[in-house]
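Single-structure report; data block below.
Readers should treat all values here as calculations from the given coordinates under stated rules, not as data from a laboratory. Bear in mind the structure is a predicted one, so any value in this text is a computation, not a measurement. Virtual Cβ from ideal backbone geometry, glycine too; neighbours counted across all protein chains shown.
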Amino acid sequence: MKIKVLGSSAGGGFPQWNCNCPNCDGVRRGTLKATRRTQSSIAVSANGEDWLLVNASPDLLAQIAATPELQPARRIRDSGIAAVLVMDAQIDHVTGLLMLRERDTPLPLYTTDAVWQDLRTSFPVGPILSHYCGVDHRSIALDGTPITHAALPGVQIGVLPLLSKAPPYSPHREAPERGDNIGLVITSQQSGKRVFYAPGLGAIEPHVLAAMRSADLLLVDGTLWTGHEMIRLGLSKKSAADMGHLPQSGPGGMIEVLDSLGTRTVRKVLIHINNTNPILVEDGPERSVLSEHGIEVASDGMTFEL
């Protein structure tokens, strides 16, 4: 089983188009040791040719262009993207669906019922695509039934409801529904290896901690270093918790959670990194702290084989 990181940034990418925070300004000027990133998405494959796209970012076309595996060129019009699964209805995870409108068959799309409601009403991607390729919607059950797809033989995807926030345009933004946001446990039946993927993680519930403890690779929320990072920089009035994210540092933060998993060999990787997060600075003190704790920072193009 292969996991490919197509995009490793939070919404807006890095540098963000209108941001002049120290990170964005520094990477533009070349005065900061940091790498540009596109918005968060991964792809999963059993054979290296057919892929499940997990989240479709606004940067999808650039990500496809940077990933030759996604264009196997088996016929005059072709794509390695066999299906798409979106974990929430956030703009940075669903806008790229519109870029797949030239398909000659309906797009297989996995979502929870709560997300599909938003994609048919508040952010009507479904109705828009009905005028182009159409959507073959496949509802994600929240009863523990794993997802399988014919193009990914030997791969099972378990689904975990998470405590987080629906998008600002969702009618249940302030009244969360089960399925607004999910985490995934992706298992290779051949190797028995497991990946836990959760780019948006607002709280560590018991079932989430159990999934993390059983995984061989963790790709988890790396959005913000501190809870009030955006407020301190004058870029937002919202804390990490307000946005549905667990910060890395401080009591109860992601570093502490990852440290609690014990000494079992597991690869720990932060993904969905906001442009303000100091861990983007490759020779900065925050990156050193992560290294001391055995934690990596995802970058676009990163590939894992399990």
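Report, in deg cm²/dmol and to the nearest 500, the calculated mean residue ellipticity at 222 nm for the chain, where each DSSP H run with n ≥ 4 adds -39500 (n - 2.57) and the sum is divided by the residue count. Intermediate results must be reported in sequence, preceding the final value.
On the way: 9 runs with 57 residues, N = 306.
Rounded to the nearest 500, the figure is -4500 deg cm²/dmol.
L6's amide H: which non-local residues (gap 5+, or another chain) put their own amide H closer than 5 Å, with H modeled 1.01 Å from N in plane and none for Pro or chain starts?
Distant-sequence amide H within range of L6: S41, I42, A43, G301.
Using Cα-Cα distances under 8 Å and only pairs 6 or more residues apart, what relative contact order does segment 20-131 have, in percent? Intermediate results must be reported in sequence, preceding the final value.
On the way: 147 pairs, mean separation 23.5, N = 112.
In percent, rounded to a whole number, it is 21.
Going down the table (K33/K268; K33/K238; K193/K238; K238/K268; K33/K237), which pairs top 30 Å between alpha carbons?
On the way: K33/K268 22 Å; K33/K238 28 Å; K193/K238 37 Å; K238/K268 27 Å; K33/K237 28 Å.
Distance filter (> 30 Å) returns K193/K238.
In what sequence, highest mean first, do 291-301, 195-205, 271-281, 44-54 appear when ranked by Cβ atoms within 10 angstrom?
On the way: 291-301: 16.8, 195-205: 22.5, 271-281: 24.5, 44-54: 20.6.
Listed from highest to lowest mean packing, they are 271-281, 195-205, 44-54, 291-301.
Two decimals is fine: what's Rg over Rh for the chain, C-alpha atoms, Kirkwood radius as Rh?
Looking at the chain, the ratio lands at 0.94.
Kirkwood Rh over Cα pairs of segment 192-265 into Stokes-Einstein at 25 °C, 0.890 mPa s: D in µm²/s?
Working: Rh = 13.0 Å.
Diffusion coefficient, whole number: 189 µm²/s.
Based on alpha-carbon centroids, what's the gap between segment 24-103 and segment 227-249 in Å, whole number please?
With segment 24-103 and segment 227-249 each reduced to a Cα centre, they are spaced 26 Å.
Restricting attention to the chain, give the cysteines that have no other cysteine Cβ less than 4.7 angstrom from their Cβ.
Cysteines lacking a close Cβ partner in the chain: C21, C133.
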